[in-house]
Amino acid sequence: MLRASIEFSGEEADLSGIADGAKAGDAGIEHGERLTAFADAAVASDAASLATARDALRQAAGSAVVVDAAGVIGNFERMVRIADGTGIPLDGLVTAMSSDIREELGLEGFESRRLARSAGLAGLLGPALRRVVLPVLRMAGRRKRSGA
Amino acid sequence: MTSFSYPAHPDPVRADLAEAHRRAWRHVAGPGTWLTGAERVAVADETRRARDCGSCRERKQALSPFAVQGEHDHGAALPETLVDLVHRITTDAARLSESWYRQLLEAGLSAEVYVEALGVAVITISVDRFHHALGLPLEPLPEAIAGDPSGERPDDLTEGEAWVPMRESRKLGKEMGFPPGPVPYVIRALSLVPAELRAWKALSDAQYLSFDEMRSFDSNRALDRSQIELVAGRVSALNECFY
């Protein structure tokens, strides 16, 4: 979804910080570095670094952004456990659309990936599907931004 | 019933988010599909105990989470199978395995109770993590509401796609207003217990995005869509979740 939203927004983004905190910068996304730091501190249990990250994000982006980010953090603490706890595979389309970036970010190496069911051969369709879908997303985003 | 009356400063919480949390707590407290309200509140309580469980801490450090034997630090209200489910989901979810799930079933836990308890546990974890992120004290757990579980069981279950049985994609998609095509697995995951799927959606609409917003790449939040997905992606990666 991150990749799709970036294509739709027309932004240029570096996603390497998603899986590797040491590389986390802004990722080309406004306030990206502070959002990542807030997520990191919220998932860890260090109250001091969390307060610092929260204050920095509030100062840069405002209270409403802090609250929305806390909501997303809470939501995905739930989503990951539903995925891990039910043994669902990756959806075919997601596998196809994300196989290259998943490989690049090292997500395929996660233990939870090994333990989940396989979604089949969807990954083989990836390059062809990406060639079609990503430009369509970019075009839809441009049309929306231009009000067409 | 507790009220989730959030302070106005420094980070005022949106009214729809506070209401979603109230609704989630009512859902946890009420009689469920296979568990009573008291059992469901005990599940919620156990998620909080799990964070301080010495055995879970030791397991988390071990090369294999199943190498460490020993009892969880737990309350008295739940059977051992449910305690193990709730503790592992809370503290080490990325290393759960199908063989562990099958062992719970062999020990007498039903798939229905497994999915319901999972649904309650993850609601509690989600709401608690929101409070933690904002530096707020945890909301007291709700009082259980008396009543009998409904026993609602879908008649269009399929097996073999995930560890747990799930509802057939096409019928579920139609009911939930999805466009033609497969319903994402993460939405079908709790569908064995429809009330947990409904609760999942209600909370997700407020904490993340509604289905319509997901599809349209719109966001009526202070965060734009790329920012939302950046936070979502980072939290998933920190939890070592492949999904």
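The values are calculated or read from the model by the stated rules, or taken from the named source; none is laboratory data. Keep in mind that this is a model prediction, so the values were computed, not measured. Glycine also receives a Cβ, built like all others from the backbone with ideal geometry; neighbour counts cover every protein chain displayed. All accessible areas refer to the heavy atoms of the entire protein, side chains included, with ligands and DNA or RNA removed. Shrake-Rupley method; radii C 1.70, N 1.55, O 1.52, S 1.80 Å.
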Fill in the blank from the handout: Given (1) more than 8 Å from chain A (Cβ to nearest Cβ); (2) within 25 Å of B:LYS60 (Cβ to Cβ); (3) assigned to a loop (DSSP other than H, G, I, E, B), B:VAL83 misses just (3)
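On the given criteria, is B:GLY177 touching a residue at least 12 places away in the same chain (Cβ under 8 Å), within 19 Å of B:VAL43 (Cβ to Cβ) and surrounded by fewer than 19 Cβ atoms within 10 Å (Cβ to Cβ)?
Values: touching a residue at least 12 places away in the same chain (Cβ under 8 Å): yes; within 19 Å of B:VAL43 (Cβ to Cβ): no; surrounded by fewer than 19 Cβ atoms within 10 Å (Cβ to Cβ): yes.
Spelling it out, it is not the case that B:GLY177 is touching a residue at least 12 places away in the same chain (Cβ under 8 Å), within 19 Å of B:VAL43 (Cβ to Cβ) and surrounded by fewer than 19 Cβ atoms within 10 Å (Cβ to Cβ).
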Practice task
Report yes if some residue within segment B:106-126 is polar (S, T, N, Q) and in contact with a helix residue (DSSP H, G or I) (Cβ under 6 Å, 6 or more places away or on another chain); otherwise report no.
Solution key: yes
Practice task
Note down all Cβ pairs under 8 Å where the first residue falls in segment B:118-138 and is more than 16 Å from A:ALA64 (Cα to Cα) and open to solvent by 10 Å² or more (accessible area, probe 1.4 Å), the second is at pLDDT 95 or above and part of a loop (DSSP other than H, G, I, E, B), and they're at least six residues apart or on different chains.
Solution key: B:HIS132/B:LEU138
Exercise for the section: Please tell me if B:ARG167 is open to solvent by 10 Å² or more (accessible area, probe 1.4 Å) and modelled with pLDDT of 95 or more. Expected result: yes
Exercise for the section: Please report, ordered by residue number, the helices (runs of 4 or more DSSP H) entirely within segment B:7-64 with at least 1 residues that are of a type in the set (Lys, Arg), surrounded by fewer than 19 Cβ atoms within 10 Å (Cβ to Cβ) and over 17 Å from the mean Cα position of the chain (by Cα). Expected result: B:54-61
Exercise for the section: Quick one: count up the residues across segment B:102-155 that are under 20 Å from B:ARG26 (Cβ atoms) and in a helix (DSSP H, G or I). Expected result: 17
Practice task
Please go through segment B:185-223 and pick out each residue that is in a loop (DSSP other than H, G, I, E, B), open to solvent by 20 Å² or more (accessible area, probe 1.4 Å) and more than 7 Å from every other protein chain (Cβ to nearest Cβ).
Solution key: B:SER210, B:ASP218, B:SER219, B:ASN220
Fill in the blank from the handout: Filtering segment A:45-73 down to residues that are small (Gly, Ala, Ser) and either farther than 25 Å from B:ARG51 by Cα or surrounded by 16 or more Cβ atoms within 10 Å (Cβ to Cβ) (or both) yields A:ALA53, A:ALA56, A:ALA60, A:ALA61, A:GLY62, A:SER63, A:ALA64, A:ALA69, A:ALA70, A:GLY71
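Quick check: is even one residue across segment B:107-116 more than 20 Å from B:CYS241 (Cβ to Cβ), at pLDDT 95 or above and open to solvent by less than 10 Å² (accessible area, probe 1.4 Å)?
yes
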Fill in the blank from the handout: Selection from segment B:1-39 of residues under 15 Å from B:PRO140 (Cβ atoms) and away from every other protein chain (no Cβ under 14 Å) yields B:MET1, B:THR2, B:SER3, B:SER5, B:ARG22, B:ARG26, B:ALA29
